[in-house]
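The structure under discussion appears below in the form of structure tokens.
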């Protein structure tokens, strides 16, 4: 009886401790100042300064410098990087942004670390050597001294160069323990010694990695950590669900939004999705541990969304944070009136509302993002495996409107038919990323593209083309009603580029999926398939020529819109060079 009471007491203490820890985390989140953050990725200084100068209008209190500015903290040792980073930090502080942080990834490549610590098998670092951890802390001390006015670090600590979880240790026996030890070690320098902020970025490719990540969070000891988590699992796709696990994280969480849309046009075309961001933030602001957001404002080069139509994406998030009860209609009204004038409010609002349907029927195909970081590419492995939203849905189905008006199972229907056989075959990579799909036998490693699915694809692409053309015609008729001529030109050119792209992607879909059916054999070479390929090739060439003839300036970053014409012609020549009986 005494033994049972003792066990019961231990259980009660454990439960109470867990509750107290959880309450402490929630109280801390409630008492933390809300983060209204932006992130600049581009090292284009003029664009960076433009963003910083615009931040005051939005009451931004947190700025991240990342990617092409500084991706790893070790880059601060380069004089050019050091100068740029410190100039931008100073400029941000002068513009009343109180907190400026820079990105880092740890560990770096194995070659970065002294050979005296790489004594384990295969040249791995021996994590049981105390001198390694002291060296690591000293390295961070040296790097932080090169940025005397920085306010913190955003640390990616998962799946980086020399992955900490792959290094040797007899004391840290699990990947989660190694990751937690790395975070706590860096935190001891950043937070405890320098009184700076440390944000850690979560990232996972699949649900197993997500489970491991949550275990890691529970092992991290430093209570001042803040987690930065993406608005959706893994990467920024429109079709992904929200990251439902965020409320399980014991630390305060900042949500990372991609308002430039890395996978949906990067503001080069009409990447206008305010309602998507609004609805996602509506969910997150209801969670007690969410303390704000950070918004990606560009995707390299000159792709900043400031003073472009896609600025409405971040405008919606800011308005929702300032006025929790605001609705989307008011957001449209405020933004359009301010940027385009009250006279065109109603028609421009309708145009903005059509943009998501255009993008998701051009850059997506039956719910799959058939592009590579926005660039034209229907034959990219990740489209059909890693990037499939069905990986993160308990019920992996999607309803496709766009004239198709049909529900599809992501794997049995869409991937099984649209993916080339080689991307459905068993491999170590596929086993890691879509093991449950293979186990459920939802896909078969053979060519299954057929006329039925070609019809669905072409219906959707035709829908996108037609809608883009309608918007462009409507914009042409409104030209004289715009209060600000430059704003009209910017808006028109943005939709003009998506209208041209809609033709190119449609032509590519006809050619690519048509010739996949054709190659299945003689019985598949129907008149419909042959005519589809013929039309696709002709339209591909015409659309590519139209892009090449485009003589207006456009934003260029990771996605160079004109390169789509070259990619199209490369495919055109590859198909045309074969002796097909077209």
Take the residues in segment 88-134 that are touching a residue at least 60 places away in the same chain (Cβ under 8 Å) and assigned to a loop (DSSP other than H, G, I, E, B), then tell me which one is surrounded by the most Cβ atoms within 10 Å (Cβ to Cβ). 106
Suppose the filter is touching a helix residue (DSSP H, G or I) at 6+ places or on another chain (Cβ under 7 Å) and not in a loop (DSSP other than H, G, I, E, B); does residue 49 pass it? yes
Residue within segment 435-445 that is more than 20 Å from residue 273 (Cα to Cα) and touching a strand residue (DSSP E or B) at 6+ places or on another chain (Cβ under 8 Å) present: yes
Criterion: closer than 23 Å to residue 321 by Cβ and surrounded by fewer than 21 Cβ atoms within 10 Å (Cβ to Cβ) - qualifying residue of 252, 241: 241
Looking at 465, 499, which one is under 28 Å from the mean Cα position of the chain (by Cα), under 15 Å from residue 363 (Cα atoms) and without any contact (Cβ under 8 Å) to a residue 40 or more places away in the chain? 499
Here are some residues: 478, 472. Which one is farther than 21 Å from residue 511 by Cα, within 32 Å of the chain's Cα centre (by Cα) and either surrounded by 15 or more Cβ atoms within 10 Å (Cβ to Cβ) or not assigned by TED's automatic domain parsing to the domain that holds residue 533 (or both)? 472
Out of the residues in segment 427-445 meeting the condition of being outside any helix (DSSP H, G or I) and under 27 Å from the mean Cα position of the chain (by Cα), tell me which one is farthest from residue 468 (Cα to Cα). 427
I'd like to check something: does segment 418-441 contain any residue that is over 19 Å from residue 389 (Cβ atoms) and in contact (Cβ under 8 Å) with a residue 40 or more places away in the chain? yes
Looking at residue 183, is it crowded, with 19+ Cβ neighbours inside 10 Å, out of contact with any helix residue (DSSP H, G or I) (no Cβ under 6 Å at 6 or more places or on another chain), more than 21 Å from residue 236 (Cβ to Cβ) and in the same structural domain as residue 253 (by TED's automatic domain parsing)? yes
Any residue at all in segment 364-375 that is in contact with a strand residue (DSSP E or B) (Cβ under 9 Å, 6 or more places away or on another chain), in a helix (DSSP H, G or I) and at pLDDT 95 or above? no
Residue check, residue 290 over 16 Å from residue 200 (Cβ atoms), surrounded by 20 or more Cβ atoms within 10 Å (Cβ to Cβ) and touching a residue at least 40 places away in the same chain (Cβ under 8 Å): no
In segment 399-409, which residues are assigned to a strand (DSSP E or B) and farther than 15 Å from residue 442 by Cα? 399, 400, 406, 407
Condition broken by residue 395, with the remaining ones in (1) out of contact with any helix residue (DSSP H, G or I) (no Cβ under 8 Å at 6 or more places or on another chain); (2) surrounded by fewer than 17 Cβ atoms within 10 Å (Cβ to Cβ); (3) outside any loop (DSSP other than H, G, I, E, B) satisfied: (3)
Please go through segment 72-87 and give me each residue that is part of a loop (DSSP other than H, G, I, E, B) and surrounded by fewer than 16 Cβ atoms within 10 Å (Cβ to Cβ), ordered by number. 78
With (1) assigned to a helix (DSSP H, G or I); (2) surrounded by 15 or more Cβ atoms within 10 Å (Cβ to Cβ) as the list, and residue 486 as the residue in question, which single condition is left unmet? (2)
Determine whether segment 504-522 contains at least one residue that is touching a helix residue (DSSP H, G or I) at 6+ places or on another chain (Cβ under 8 Å), surrounded by 14 or more Cβ atoms within 10 Å (Cβ to Cβ) and in a loop (DSSP other than H, G, I, E, B). no
Considering residues that are within 18 Å of residue 555 (Cβ to Cβ) and either modelled with pLDDT under 95 or not in a loop (DSSP other than H, G, I, E, B) (or both), the number found within segment 54-71 is 1
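The values are calculated or read from the model by the stated rules, or taken from the named source; none is laboratory data. Owing to the predicted nature of the structure, the values given are computational and were not obtained by experimental measurement. Methodologically, a virtual Cβ is constructed for each residue, glycine included, from the backbone with ideal geometry; neighbour enumeration extends over all protein chains shown.
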